[in-house]
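Each remark here refers to the structure printed beneath this line.
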Amino acid sequence: EEETSPWAGKATLGYLATSGNTENSTLNSGFEVGYTSGKWMHLLTAAAINSSENEITTAEAYDLGWKSERKLTDHDFLFGRVQWRKDNFGAYDTQFSQTLGYGRRVINNDQHSLNIELGVGARQSELQFGGTENETIFTAGGFYKWQFSETAQFRQDLRIEAGSANTYSESVTAISASLLGELALVASYTIKNNSDVPPLTEKTDTFTALSLEYLF
């Protein structure tokens, strides 16, 4: 029997351009690399988005994260996560969080999987127009997948970081369909929200993307 590789990952790339009375272009990219060894699982993630209108940049954001899980039982695990976010057009220029917590695999079968997580940690933030925030945070997360056919999957991720100065939440809804081999087409909708922002700054940013995804 062929030995299963401890490595797994995916790379995503999407680009949309329009021309005419208004010229728009949007580029989104990302990748995930995971490594599993015994009771440990490690995951590195990165993502970037850039949007422009008439050659003027209107959105530019980056995400970088690392997560390690330690399996306790078939359903329970402990985790540690560090997450860095940068948004050149958002209320917060950078947000850097470190979290330790507990997770449980509530559902895990061929069609459905659902993980929930609870944690506590710290976050350091730099506001776009000056000033810093350092706070203790409590985190919660839910991660659901539904394999509704042999070639199509629905995914819903929700993460919340609640602190005394600001609560950050992020929701990602995605549908993917296999095209050829390990190549898939993915349509996704992302909502990012900060509860407390400076005046004249929007609390919520949304991103709609159509991308190609390659699994490896």
Quick one: which of Leu185, Leu100, Leu127 is more than 17 Å from the chain's Cα centre (by Cα) and at pLDDT below 95? Leu127
Tally up the residues in the stretch 84-103 that are assigned to a strand (DSSP E or B) and open to solvent by less than 20 Å² (accessible area, probe 1.4 Å), please. 7
Residues of the stretch 173-201 being open to solvent by 50 Å² or more (accessible area, probe 1.4 Å) and out of contact with any Leu (no Cβ under 7 Å at 6 or more places or on another chain), in sequence order, are Ile175, Ser178, Leu180, Gly181, Tyr189, Ile191, Asp196, Pro199, Leu200
Among the residues of the stretch 1-49, count how many are out of contact with any His (no Cβ under 7 Å at 6 or more places or on another chain), within 30 Å of His75 (Cβ to Cβ), among the hydroxyl-bearing types (Ser, Thr, Tyr) and assigned to a strand (DSSP E or B). 4
For the stretch 90-105, check the following and say yes or no: at least one residue is out of contact with any Gly (no Cβ under 7 Å at 6 or more places or on another chain) and under 20 Å from Ala209 (Cβ atoms). yes
Go through (1) open to solvent by less than 50 Å² (accessible area, probe 1.4 Å); (2) over 15 Å from the mean Cα position of the chain (by Cα) for Ala46 and report which single condition fails. (2)
Can you tell me which residue is most open to solvent (accessible area, probe 1.4 Å) among those in the stretch 24-43 that are within 20 Å of the chain's Cα centre (by Cα) and over 30 Å from Thr4 (Cα atoms)? Leu27
Which residues, taken from the stretch 58-75, are open to solvent by 50 Å² or more (accessible area, probe 1.4 Å) and under 17 Å from Thr208 (Cα atoms)? Thr58, Tyr62
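The values are calculated or read from the model by the stated rules, or taken from the named source; none is laboratory data. Just so you know, these numbers come straight off a predicted model, no measurement behind them. Backbone-built Cβ (ideal geometry, glycine too); neighbour counts: all protein chains shown. Only protein heavy atoms, including side chains, enter the accessible area calculation; ligands, DNA and RNA are left aside. Shrake-Rupley method; radii C 1.70, N 1.55, O 1.52, S 1.80 Å.
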